[in-house]
Amino acid sequence: MGSLTLAGSTIAAGTRTIVRAPVTRDLTGDVDIVAHVAAGAHDGPTLLLLSMLHGNEWFSAVVLRELLSRIDAGVLRGNVIAIPVANAPAMATATRCIQDNADEPDANRTFGGPYQWLSNQITRVLSDEFMAKSDAVIDYHVGDWGATMADVSYVTDYSRADVAERSRAMALAYGFPVLHALTIFSGLRGARTSLGHAGEKYGIPGIVAEVGGLGWGEPQEQRWIQMNVDGTMGVMRQLGMIEGEVKPPAGYLHFHDYFRVGPSVGGYLEPVVGLDRQFTEVAKGEVLATVRHAMTFELLEEVRSPGRGIIFYACRSQMVRPGGWGFGVASLEDPRTEWKTT
Ligand SMILES: [Zn+2]
């Protein structure tokens, strides 16, 4: 396989290196995107792994570190580009969005933007220097501290049906038993997300891997790291980059619509329903958590599921602000929600 050129750097086949793509200069220093590149010794597709487009979701950077330790460029077919911290300015403040006065602060809603806001410039470099050279993308979005995510998402309504179908195959190859079918044109995310942009501008398939979170203790977090490493390697097998059999989940929850159930007030949230209820049914109106005043401790809210569904992500006790991450409940009021077997 020939050498790979990324952001002005040439990487010889069968080697690994770190590439820095400059974005801009902020008041106190340069903003760069740092990419680990494993250039495979053999021909194959280029897989782009994006992590931390949201600056508080650092669990996925740990996943990529573990994954990279298992990749041998000497036997790899194709290339892996792994970006642990896509959004360094947001990481620096440990916040989802970049803390400036941009009217486009969320880097996963600003792909393709014409402006010079940091979020626009970061996503432009991701697009021009990395996505343009890639054949598939995995964008990791994991729980902030105290929350967890638990699904693998793929887009169903790209302009090109083959891109949607290839994305679905990647999602199954991840092996996680929850698949979320997204619509980008009628949904809240729009074509300006990583996946929307990749699929529409470049015609490349992708998935959002949302498995795990922070604040759950080492044993649980190690299990989630392993699930993500296994899942990513499953996608690499499905793309023909490494040897081995693709193992889709034997059974999985497939849904389109879900209830995002969170607190409407700020305070100390205590779950009534925990991770032990993951993948079980909750009733309409069932109390999932309570929120107490942070100072007086009075009960402010009972957080209830607005409909009948299957709980797939949960949260732990934590101080929350209005709208904070709570629970994901796949709607059983939507007839498309079902357990499937492969
Ligand atoms: Zn995210």
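Brief remarks follow.
- For segment 4-249, the per residue solvent-accessible surface stands at 38 Å², with DNA, RNA and ligands left out and a 1.4 Å probe.
- GluC sites (Glu not before Pro), loop per DSSP, at most 10 other Cβ atoms within 10 Å - longest free stretch of the chain: 1-242
- Assigned charges on the beta-carbon of Lys, Arg, Asp, Glu; the chain dipole about Cα centre (debye): 300
- Taking the longest Cα principal axis of the chain as reference, the axis of helix 59-69 is set at about 40 degrees.
- For residue 185, the accessible area of its heavy atoms, probed at 1.4 Å with every protein chain present, is near 110 square angstrom.
- Largest first, the residues 180, 256 sort by 1.4 Å accessible area into 256, 180.
- Using a Förster distance of 30 Å, the FRET efficiency for residue 3-residue 237 (Cβ separation, nearest 0.05): 0.75
- Relative contact order for segment 90-204: 26 percent, from Cα pairs under 8 Å spaced at least 6 residues apart, divided by residue count.
- Counting charges near residue 331 (Lys, Arg +1; Asp, Glu -1) among other residues having Cβ under 11 Å from its Cβ returns a value of +1.
- The trypsin sites (Lys or Arg not before Pro) of segment 262-342 that meet both conditions, a loop assignment by DSSP and at most 13 other Cβ atoms within 10 Å of the site Cβ, are 336.
- Two-decimal ratio, the chain, of alpha-carbon radius of gyration to 2.2 N^0.38 Å: 0.99
- With all protein chains modelled, accessible area of residue 247 [1.4 Å, Å²]: 150
- Extension gain, residue 186 to residue 128, is 18.3 nm, computed as 0.36 nm per intervening residue step minus the present C-alpha separation.
- The portion of the accessible surface of the chain made up by carbon and sulfur, rounded to a whole percent, is 51 (1.4 Å probe; DNA, RNA and ligands excluded).
- Segments 31-41, 135-145 sorted - mean Cβ within 10 Å per residue, highest first: 135-145, 31-41
- Counted residue by residue at 0.36 nm each, then reduced by the alpha carbon distance between them, the extension gain from residue 296 to residue 101 reaches 66.8 nm.
- For segment 69-95 and segment 262-300, distance of Cα centres in Å: 35
- Listed residues 151, 72, 276, most fluctuating in the chain (Gaussian network, C-alpha, under 10 Å): 276
- Distribution of pairwise C-alpha distances over segment 101-209, 10 Å bins, in %: 15, 45, 33, 6, 0
- Result for the chain in a Gaussian network model with C-alpha springs under 10 Å: among 331, 167, 159, the largest mean-square fluctuation is at 159.
- Centre-to-centre, using Cα atoms only, segment 42-59 and segment 201-250 are separated by 11 Å.
- Taking label positions 7 Å along the Cα-Cβ direction at both residue 18 and residue 75, the computed distance is 2.6 nm, reported to one decimal.
- Segment 155-238: trypsin sites (Lys or Arg not before Pro) falling in loop per DSSP and having at most 15 other Cβ within 10 Å: 160
- If R0 is taken as 22 Å, the Cβ-Cβ distance between residue 115 and residue 159 corresponds to a FRET efficiency of 0.35.
- Put simply, the amide H of residue 185, placed in the peptide plane, has no neighbours under 5 Å, leaving out anything fewer than 5 places away on its chain.
- Diffusion constant of segment 170-327 at 37 °C, which comes from Stokes-Einstein with the Kirkwood Cα-pair radius and 0.692 mPa s, µm²/s: 185
- DSSP beta bridges in the chain [antiparallel fraction, %, rounded to 5]: 70
The values are calculated or read from the model by the stated rules, or taken from the named source; none is laboratory data. A quick note: this is a predicted structure, and the numbers were derived from the prediction, not measured. Here Cβ is always computed from backbone atoms with ideal geometry, including for glycine, and neighbour counts include all displayed protein chains. We work out accessible area using only protein heavy atoms, side chains counted, and drop any ligands, DNA or RNA first. Shrake-Rupley method; radii C 1.70, N 1.55, O 1.52, S 1.80 Å.
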